[in-house]
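The values are calculated or read from the model by the stated rules, or taken from the named source; none is laboratory data. What you are looking at is a predicted structure, and each value in this text was computed from that prediction instead of being measured. Because the Cβ atoms are built from the backbone with ideal geometry, glycine has one as well, and the counts that use them run over all protein chains shown. Accessible surface areas use protein heavy atoms only, side chains included; no ligands, DNA or RNA. Shrake-Rupley method; radii C 1.70, N 1.55, O 1.52, S 1.80 Å.
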Amino acid sequence: MSMVEHWFRRYSPVATIASREATITGIRHLNSDRDMNPDYVYAGRICDMTPYADRDVVLVHRQDVIRLQTEDMDEIFDSFMDAMTYYEKWEKRLMEAADAENPEQALIQACSDIFGPMFFINMQLQMSAYSENYPDTLLEDCWNRFWKWDRGKALQSGEGHRSSFLQIFNQIWDRRPFFGNSGEEYPYSLVISQVAGSNQLMGQLFLLSASPFEEYQLQLAEVLQKHLCQVAGQESGACQISAAVQMFAALLHGERSDEECIQMLYEMKSWREDEAYLPFVLRRENDSKAEPSALLNGLERYFPEALAVPDEIPVQGGRTEPVIAGCLPVPEVNLNAMNEEDVELRLRALLRFCREQKMSLHVGYFLQGLNKIHWHYRQAQIAAGMGQRYFYHCAVSLLTFFGSDRTLCLCSLHPVPMRMREYDKKQGTDFYEILKAYLQNECNRAQTARQLYVHKNTLAYRLERLEEMFPVNLDDPYEREYLRITISSMENREEDAAVFQGSQKGESF
């Protein structure tokens, strides 16, 4: 009601306000409701309630009463609705400020008609936002008084104790008023603390006034503080991103693989468990002079949905080379039909970024969710070490190397045979058996047809359908060898095949 009293100040209001309730939904006639709704202001003339009284309008809300020196009810109703519209628009501007490049600046600009000079000081003691409708010299002079402690030493709180500037700045103030030297142009101050969700002080908003702050301004400052702290929550979201980067690095390096870590990462990055993700390594080309920090900033700017961290990969001679390790969520991907051309299309923006920065891109297989991200990142590392963009071209070398890690090998088997087996079980087809027989017979169609007891024309049709439905090229010798090794592993190791079935769900290259 203090805001209502201020709005109707031209009617010389006489008010008795006992509460600070800010929940006012609208205005009604005093005689309209038998039981008064506590969320509404009721307006009427005094003479309607007390015989022989004057015709002044009175506003009633709960225990608060405001008498206005006017008898024009229509004008009061219209003006009240104007007030509701004004403050609704004001709070909408406060909400929109959160999306601004400098949210604190947008909040200050939204309050230019309500408060006097304002400036925001971050935790580095820098004025990062200020009222633009006041001379810069005025704000700098006010800030210098705080900074030089001239004002800080004079500041006195309501309890009567004196405080230095640093003591005031590092405390969390709940819209606490202070006053300085009476000779100053703006001797009164209101300090609003910007606090993150963890009760961490992020900065202080200083409101200056030539006269003591009125009750309606203190109530509006409470609304302002709510939005100021919501901005702090978003900035603490930047701290969360840092925490996300740390957890992401732990997942990449296999230091953590627990479900709690993965779920927290989904939440902090707004990722989804059913999305596809692509781990990658960015490696500087010989003529690149880009610094890793600049590249990380560029990645964050162009691909805010991605995560990236600095890392190293082993190179010849026992040395290591700095790289950037990352993961890119790729929505709306049909992993069952992905081939190399589809991957190129999906990575077009990332490839363009790499060309501009003179970086080489190396990727592992797509995976659904992050449970196996460590092993798929290892694939990207292997691709980088072998100078290949796609791990696909390194898989046979890995699988035929005696010392390769067992789990890494299971994650690196060709994805198609397992998908064929699952498809055959659901649809009653025999694509997996056709592929296995065809590879075992060294792609001899006549022998394969005899082994499967089908006509060779039928076999030719089924092989054609197989290549249409699954991303394989049976004319490619490398792919045939990769498929043969994968099927051999699946056939000879039932235990590994079971593990493989769980780890390969939704993976592609």
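Within the range 439-495, the set of residues being over 19 Å from residue 390 (Cβ atoms) and among the β-branched types (Val, Ile, Thr) comprises 448, 454, 458, 487. For residue 207, the conditions (1) surrounded by fewer than 20 Cβ atoms within 10 Å (Cβ to Cβ); (2) at pLDDT 80 or above all hold with the exception of (1). Can you pull out the residues in the range 359-381 that are open to solvent by 10 Å² or more (accessible area, probe 1.4 Å), more than 20 Å from residue 299 (Cβ to Cβ) and touching a residue at least 60 places away in the same chain (Cβ under 8 Å)? Within the range 359-381, 368, 371, 372, 374, 375 meet the criteria. Restricting 384, 395, 446 to residues that are open to solvent by less than 70 Å² (accessible area, probe 1.4 Å), on the phi < 0 side of the Ramachandran plot, of a type in the set (A, V, I, L, M) and out of contact with any helix residue (DSSP H, G or I) (no Cβ under 8 Å at 6 or more places or on another chain) narrows the list to 384. Screening residue 297 against (1) crowded, with 16+ Cβ neighbours inside 10 Å; (2) out of contact with any Cys (no Cβ under 7 Å at 6 or more places or on another chain); (3) not in a loop (DSSP other than H, G, I, E, B) leaves a single unmet condition, (1). Checked against (1) modelled with pLDDT under 90; (2) buried (at least 16 other Cβ atoms within 10 Å of the Cβ), residue 405 passes all but condition (2).
Of the candidates 23, 85, the single residue that is without any contact (Cβ under 8 Å) to a residue 40 or more places away in the chain, part of a helix (DSSP H, G or I), among the β-branched types (Val, Ile, Thr) and closer than 17 Å to residue 216 by Cα is 85.
Condition check for residue 434 on (1) farther than 24 Å from residue 364 by Cβ; (2) among the β-branched types (Val, Ile, Thr); (3) open to solvent by 20 Å² or more (accessible area, probe 1.4 Å): one failure, at (3). Filtered by the rule that a residue be at pLDDT 75 or above and in a strand (DSSP E or B), the range 98-156 gives 118, 119, 120, 121, 122, 127, 128, 129, 130. The number of residues in the range 26-48 that are hydrophobic (A, V, I, L, M, F, W, C) and either assigned to a loop (DSSP other than H, G, I, E, B) or open to solvent by 80 Å² or more (accessible area, probe 1.4 Å) (or both) comes to 2. Does the range 166-180 contain any residue that is more than 25 Å from residue 200 (Cα to Cα), assigned to a loop (DSSP other than H, G, I, E, B), at pLDDT 70 or above and of a type in the set (Phe, Trp, Tyr)? No, every residue in the range 166-180 fails to be more than 25 Å from residue 200 (Cα to Cα), assigned to a loop (DSSP other than H, G, I, E, B), at pLDDT 70 or above and of a type in the set (Phe, Trp, Tyr). Mind checking which residues of the range 307-322 are surrounded by 14 or more Cβ atoms within 10 Å (Cβ to Cβ) and more than 14 Å from residue 249 (Cβ to Cβ)? Answer for the range 307-322, where residues must be surrounded by 14 or more Cβ atoms within 10 Å (Cβ to Cβ) and more than 14 Å from residue 249 (Cβ to Cβ): 313, 321. Of everything in the range 49-81 that is assigned to a helix (DSSP H, G or I) and touching a residue at least 24 places away in the same chain (Cβ under 8 Å), the residue that is most open to solvent (accessible area, probe 1.4 Å) is 81.
Residues that are aromatic (Phe, Trp, Tyr), in a helix (DSSP H, G or I), open to solvent by 70 Å² or more (accessible area, probe 1.4 Å) and more than 15 Å from residue 487 (Cβ to Cβ) occur in the range 454-470; there is at least one.
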